[in-house]
Amino acid sequence: MSYYRSAPPPRGFGGGGLALPPFTPAIRGIVFACAGVYMLEVVGYLASGRSAWFLDLFGVSAWGVLHRGFLWQPFTYLWLHALDPMHLVFNMLSLWLLGGELERQWGTRRFLAYYLACGVGAAPFIVAADLIPGRHGPTVGASGAIFGIIVAFGVVFAERVIYLMALFPMKARTFAWVMFAVTFLSMVTQSQGGISSIAHLGGMLVGWLYLKRVWRLPELYREVRWRLRRRRFRVMDSHDDNRYLH
C-alpha cells in the first residue's frame, strides 16, 4: 500500500476548522524524549559551566564520526537541541502541527520509521558538509527529520490549505516547495557552508526518496507489479462479446 495514494478529508489544522492537530503517540514520545534530553543538557551545563563536551559526544560531526568512531552520532544528534529553548520549541511545535495528521494517516510504526529515516539520513549530508574547510562544530537538532515531515505533508495532503506564518494561505504542496526554496537559498548564502541548511535539505531529499520507495526495493517491485497487472484488466459491460477478457 502506498504511503500517499490517499488521504483523509481535510479537517483540523489547515483544513478550515478550528480543531488542533492530534497529539499522537509517536509525536508525544518524541516531544517528551527531546524535552528530557534538553533538561539533561541544561543540568550538565549548570554543573560544568560548559556544554561542549555533551555536544562533542552526541552531536554529529565529521570529526566525531570519521576520526573518533562515534558511530552513534547520526542517531543521537536528533534528540539534542541548542541551549536556546526556542530551538527545541520551534522544532517540536512544527512536529506536532504537521506530524500528527501524518501519524494518524500512516500509523505510529510507519510514521516513526519515516521520521528516523529522515533524521538519520540527513546525517551523511551534515558530515559531508563538515568536511568543507572552515570553522564548524557539532550539529544538533531534529530539523532534518522535521523538514522530511514537511515533504511528506506536502505529498500526502497536497491540496490541504495551510497558513504560512499564520497569515498567508497556500496549499501544502506549495508550502513544501517554498520551504525547499528558502532552505536552498539559505544554504547558498549562509556563511561557513550553511551546515544547518544542508541538514534541512538532506532531510527533505531523504524523505522524498523514502516516499518514492527508492531503496525499499521489495515494496517498489510490488507496486510496479500491481500497476502492470491493473492495466491488463478492463471493465466489461453486458454487451461485450469478447469472453476471453477477464
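Only the coordinates and a few stated rules stand behind these numbers; no lab work does. Bear in mind that the values here come from a model prediction, so they are computed numbers and not experimental data. No Cβ is skipped: glycine too gets one built from the backbone with ideal geometry, and neighbour counts run over all protein chains shown.
Quick check: from the Cα gyration tensor, does the stretch 25-230 come out rounded (a/c under 1.5), prolate or oblate? Because a/c hits 1.5 or more and a/b exceeds b/c, the stretch 25-230 counts as prolate. Overall, the anisotropy analysis places the stretch 101-163 in the prolate class: the square-rooted eigenvalues a ≥ b ≥ c of its C-alpha gyration tensor yield a/c not less than 1.5, with a/b exceeding b/c. In a DSSP loop and with at most 15 other Cβ atoms within 10 Å, the trypsin sites (Lys or Arg not before Pro) in the stretch 104-162 are 135. Couplings 3J(HN,Hα) of the stretch 139-144, computed from phi: 9, 9, x, 8, 5, x Hz, in residue order, whole Hz [Karplus 6.51 cos²θ - 1.76 cosθ + 1.60, θ = phi - 60°; x for Gly and Pro].
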